[in-house]
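Inspection log for the structure reproduced underneath, given as structure tokens.
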Amino acid sequence: MFDLGVWGKSKRAAEPPPNLVYINELKSQKVILRGIKCKCNKSWCPICSLKTVINRFCGYVKDWDWRRVRHITLTIDPSLFESPEAAYDLLVKKKKIAGMIRNIGRTLEKVVVDWCWLLEWHRNELPHWHLFVLVDKAGYRGQIGADKIRHYWTYGRIEEKPIKSESHWKKMTDYLSKHGYFQKDKAHQSRLPEWVRERKSIIKRFGRMNKSRGNEGSRNEKLSESNNEFDKLINESKLCEWFERKESEQFTKTQGQLLDDCGNKTDVYWGLDGFKNFWGRLDMPYHEFKCMDGKYMEGLGYVVEMDRVKLELLRARHFLCSVH
Ligand SMILES: [Zn+2]
């Protein structure tokens, strides 16, 4: 590691250490970072999910005409499957919900305009889906029919309900946006069962009709372009291998461990573009990050200016991951 204390005083040495020029160059380059208490941003986190996945769901259905919305609950019959996990994996892998809606759409005299779902849990650890289908006809004329749904959903019970009124629709989405689940006293429905907490792969909480793949692609490209520029700057140092090892640790954690980490560490954003670029997560509680020489700025978090040597040290000692 760089030992600046010694090198800084080595004027009398016959030859400077080979890296001194490089180190001095790095010392003159300033970087501004802002740190905030980390967020896991996981879709099953009771805190983070309200601003991410639940917010996306509510935004998605916000302009739907409640008269044309069918609320369908899809459950799983445990006697048909070996375990809740086996049921989940089969239904998701084979895209059974999208398939069911496609089949319904083909055989109905009404048009399925849009759909989306949220996943919840029963106490027995089985998933159930709240599926919302927007059709082109209002009220009774928009009904899909339990027999028809049952014909294509042969994995458990189903229930189809209309939305009763505008206030019913608003109440339902308002409650969801504040609590993360649909009904009072049903907090367990948003809590991950143990078998999911032990998984390393993600369980999707929100799904929707696939309409805008193109847009998302270009957004992600843009994001990675701007990150690359910074990464190029950072990767000139010879610490890459070390970082890679640290980053791979992220993928050894279970979903439950990732949720438990929420709020325990510091997320750092760098400053070339209004502090919007997520740089990484530091294995350091926020209160420790605030001990560095810097200041708290309203709406930004704790802002620190440092040279690149310090940045490299921070990264070497505390860097956890570069992606959520
Ligand atoms: Zn969280």
Conditions (1) more than 16 Å from the ligand (Cβ to nearest atom); (2) modelled with pLDDT of 85 or more; (3) within 26 Å of Arg197 (Cβ to Cβ); (4) among the small types (Gly, Ala, Ser): number failed by Gly280: (2)
In the set Leu74, Leu108, Leu4, the lone residue that is more than 16 Å from the ligand (Cβ to nearest atom), modelled with pLDDT of 85 or more and of a type in the set (A, V, I, L, M) is Leu74
Could you run through the range 137-167 and say how many residues are more than 23 Å from His122 (Cβ to Cβ), exposed (fewer than 13 other Cβ atoms within 10 Å of the Cβ) and touching a residue at least 24 places away in the same chain (Cβ under 8 Å)? 4
Could you go through the range 52-63 and let me know if any residue there is more than 10 Å from the ligand (Cβ to nearest atom) and assigned to a loop (DSSP other than H, G, I, E, B). yes
Scope the range 284-299; condition more than 16 Å from the ligand (Cβ to nearest atom), without any contact (Cβ under 8 Å) to a residue 60 or more places away in the chain and surrounded by 13 or more Cβ atoms within 10 Å (Cβ to Cβ); matching residues: Met284, Glu288, Met292, Gly294
Name the pairs whose Cβ atoms lie under 8 Å apart, with the first residue in the range 22-45 and more than 16 Å from the ligand (Cβ to nearest atom), the second polar (S, T, N, Q), and 6 or more positions between them or separate chains? Leu26/Ser237; Gly35/Thr266
Tally, over the range 22-51, of residues that are in a helix (DSSP H, G or I) and closer than 20 Å to Leu176 by Cα: 4
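The rows are residues; the columns are (1) modelled with pLDDT under 95; (2) in a helix (DSSP H, G or I); (3) closer than 27 Å to Ser79 by Cβ.
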| residue | (1), (2), (3) |
| --- | --- |
| His128 | no, no, yes |
| Leu131 | no, no, yes |
| Ile149 | no, yes, yes |
| Gly156 | no, no, yes |
| Gln183 | yes, no, yes |
| His188 | yes, yes, yes |
Checking Val268 against (1) farther than 10 Å from Cys38 by Cα; (2) more than 15 Å from the ligand (Cβ to nearest atom), which test does it fail? (1)
Within the range 95-132, work out how many residues are among the small types (Gly, Ala, Ser) and closer than 20 Å to Asp147 by Cβ. 2
Give Leu259, Leu320 a once-over and let me know the one that is within 21 Å of the chain's Cα centre (by Cα), at pLDDT 85 or above and more than 21 Å from Lys27 (Cβ to Cβ). Leu259
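The values are calculated or read from the model by the stated rules, or taken from the named source; none is laboratory data. As the structure is a computational prediction, the values presented were derived from the model and not from experiment. Every residue, glycine among them, receives a Cβ derived from its backbone with ideal geometry; neighbour counts consider all protein chains shown.
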